[in-house]
Amino acid sequence: MTDLQEEVEMELITENEINIIKQIWNEELIHLAKLDAGKAASDGDGA
């Protein structure tokens, strides 16, 4: 998006919006890691 923004010389997304997206992305990665950890723990229970 930022590359396109430079190409068209218009503000398409603000720095604040980019930071919000990065924050949400990081939170989702944390949630996925927790889900993976829980699945890995439960996979070992069926022996």
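Taken together, the values in this text are just the output of simple stated rules run on the coordinates, not laboratory data. The structure displayed is predicted, hence computed values, not measured ones. Here Cβ is always computed from backbone atoms with ideal geometry, including for glycine, and neighbour counts include all displayed protein chains.
Taking label positions 7 Å along the Cα-Cβ direction at both Ser42 and Asp3, the computed distance is 3.9 nm, reported to one decimal.
In plain terms, the chain from Leu32 to Asn16 could stretch by 3.3 nm, reckoned as 0.36 nm per residue minus the Cα-Cα distance.
For region 1-16 versus region 20-41, the inter-centroid distance based on Cα atoms is 28 Å.
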